[in-house]
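K.L.:
Take a look at the following structure, please.
Read the figures in this text as sums done on the coordinates, not as results from a lab. What you are looking at is a predicted structure, and each value in this text was computed from that prediction instead of being measured. With ideal geometry, Cβ positions are generated from the backbone for all residues, glycine too; neighbour counts draw on all protein chains shown.
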Amino acid sequence: MIRLRADHVLAWAGADHVLLRDGEVAVDGGRIVGVGPRTAAAPAPGVEVVELGAALLMPGLIDLDALADIDHALLDSFGDPQLARDLNWSQRYAADGPREVFSRAEKAFVRRYAFVQLLLHGVTTAMPIAAETHSGWAETYDEAVDMADEARALGLRCYLGPSYRSGVNVVRADGTAAVWWDEAAGRAGFDGAVRFARLLRERGDDLLRPVLLPCRIETVTDELLTATAEAARTLDVKVRLHCLQGVGERARLAEQGRGDPLSVLARTGLLGGRLLVPHGIHLDAHSSVGAGTDRDLARLAAHQVSVIHCPLTSARYGSAMETFARYRAAGVNIALGTDSFPPDLVRGMDFGVNLAKVQSGRLDTATPADYVRAATVAGARALGRADLGRIAPGAQADLVAFALDDLRDGVLDDPVRTLLYNSSARAARLSMVAGRVVVRDGRVPGVDAAVLRARAQELFGRMKAGYGVRDRRGRSPEHLFPPSFPLS
């Protein structure tokens with residue numbers, strides 16, 4: 001048994017979180033067995049006591065769009081609209097036959113690097129996502145097996161599956177956007193995803209559960225989406241599909257004669273409680289669509305679709321949910337994701353709160369508490385897991401302690417507001433998944449951070465060079481990604 005003691009504990013009181021001062025959480029056999037005030041009695045023999053001191057001990061963060069890649073926002077989040085299109089595959093590159101930038105072993109390293117980052121930032125449950133830009137097509141069955149092995153070795157709770165797609169967004173020689181199709185590759189990827197889901201079920205590892213991960217809606221045919229919905233029902237798994245995330249998506253669907261995104265979801269059988277939608281921004285409530293109604297929100301809520309809100313990453317790419325309060329008022333379950341580096345949900349929550357203030361002109365339209373719920377119990381709700389996202393007897397012992405004693409954080413008031421306003425997820429002092437300590441004193445046991453960083457930097461250089469190979473005009477990385485200021 002382990003007893004964790006902290007100055008502040010975010011405990012579950014049956015309907016919501018409550019702050020418990022000078023609290024203690026008892027863990028045994030991977031579950032929480034007790035929550036309450038710090039006990040004065042000496043611990044029984046064999047009981048480990050961990051004194052966390054000036055820290056907020058809270059449920060581990062749930063990241064349902066968790067980057068499992070090397071940082072790409074450093075490269076693709078600052079260019080003009082044409083450059084943004086040009087960072088996709090050129091049509092020539094797709095026609096000539098795309099190539100793998102990394103070997104299988106190198107991809108496994110990248111996943112390990114990304115999972116370590118998630119743990120260091122207080123994430124205990126992740127649904128990974130990686131850019132397919134650097135792959136021969138999308139993720140494979142073998143790569144998913146490697147990903148599962150890396151997650152299990154580190155102790156991260158994961159919802160896993162290889163991505164698959166029928167097409168890829170490309171840019172023509174004239175700079176316009178299109179989709180390049182390879183339906184055979186899409187079907188093969190789907191078959192691998194179903195095979196992998198069955199493998200995870202056979203393994204019976206509660207830390208690793210299957211999920212189906214078709215790519216962007218405009219790059220997956222209706223036939224493959226229908227097959228996905230049928231497989232999800234048969235396998236009893238969730239589906240995460242990137243949609244409602246950009247005006248380009250709606251344009252591609254219109255060009256394909258498929259209608260708006262919600263029509264595609266309804267027609268293919270995906271519009272339901274199994275579906276998780278990252279971003280979920282560009283629907284009829286959004287100014288980019290222009291209808292000015294909440295019909296789409298009402299449909300999402302009625303069908304119990306969860307939206308994975310990624311406020312910081314969305315802003316980096318020039319878009320925002322309109323608005324967090326509006327979605328909540330419509331009854332939409334809002335979970336959180338990071339979707340880019342760093343996987344810092346504390347920064348993301350703070351950004352979301354402040355963006356909501358700007359959008360509404362009110363200071364109370366979305367609170368830190370609202371966003372903490374999104375990062376914990378709402379994420380658990382999206383997964384159908386009442387045993388995650390809360391500190392209560394019987395719940396999984398997935399916990400994170402954020403230190404609140406750094407001089408740079410200033411003075412301490414309410415611990416939740418202090419964490420979001422003045423700190424970041426880098427303050428994670430200790431993390432636990434299913435009772436196993438996976439971060440201690442800000443380090444992942446058994447991981448050499450210097451070695452990890454050096455290898456990641458090397459692979460990042462190769463990833464960056466790959467953009468020049470795929471560029472429609474054959475431009476160098478130095479041309480595509482100029483420095484912020486001229487080099488002297």
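K.L.:
How high is the relative contact order of the stretch 61-383, given as a whole-number percent (alpha carbon pairs under 8 Å, six or more residues apart)? List each step's numbers first, then the result.
P.N.:
Working: 611 pairs, mean separation 57.0, N = 323.
Once normalised by length, the contact order is 18 percent.
K.L.:
What's the ranking of 95-108, 385-398 by average number of surrounding C-beta atoms within 10 Å, highest first?
P.N.:
Averaged packing, sorted descending, gives the order 385-398, 95-108.
K.L.:
How large is Rg over Rh for the chain, taking Rg from the Cα atoms and Rh as the Kirkwood inverse mean of 1/r across Cα pairs?
P.N.:
Details: Rg = 22.2 Å, Rh = 23.1 Å.
A ratio of 0.96.
K.L.:
Going by how many other Cβ atoms sit within 10 Å of their own, how do VAL305, VAL123 line up, fewest first? Write out the running numbers ahead of the final one.
P.N.:
On the way: VAL305 24, VAL123 28.
Fewest to most other Cβ atoms nearby, the residues stand as VAL305, VAL123.
K.L.:
Per residue of the chain, what 222 nm ellipticity follows from adding -39500 (n - 2.57) for every DSSP H run with n ≥ 4, rounded to the nearest 500? Display every interim value, and only then the final one.
P.N.:
Details: 18 runs with 185 residues, N = 488.
The helix contribution divided over the chain gives -11000 deg cm²/dmol.
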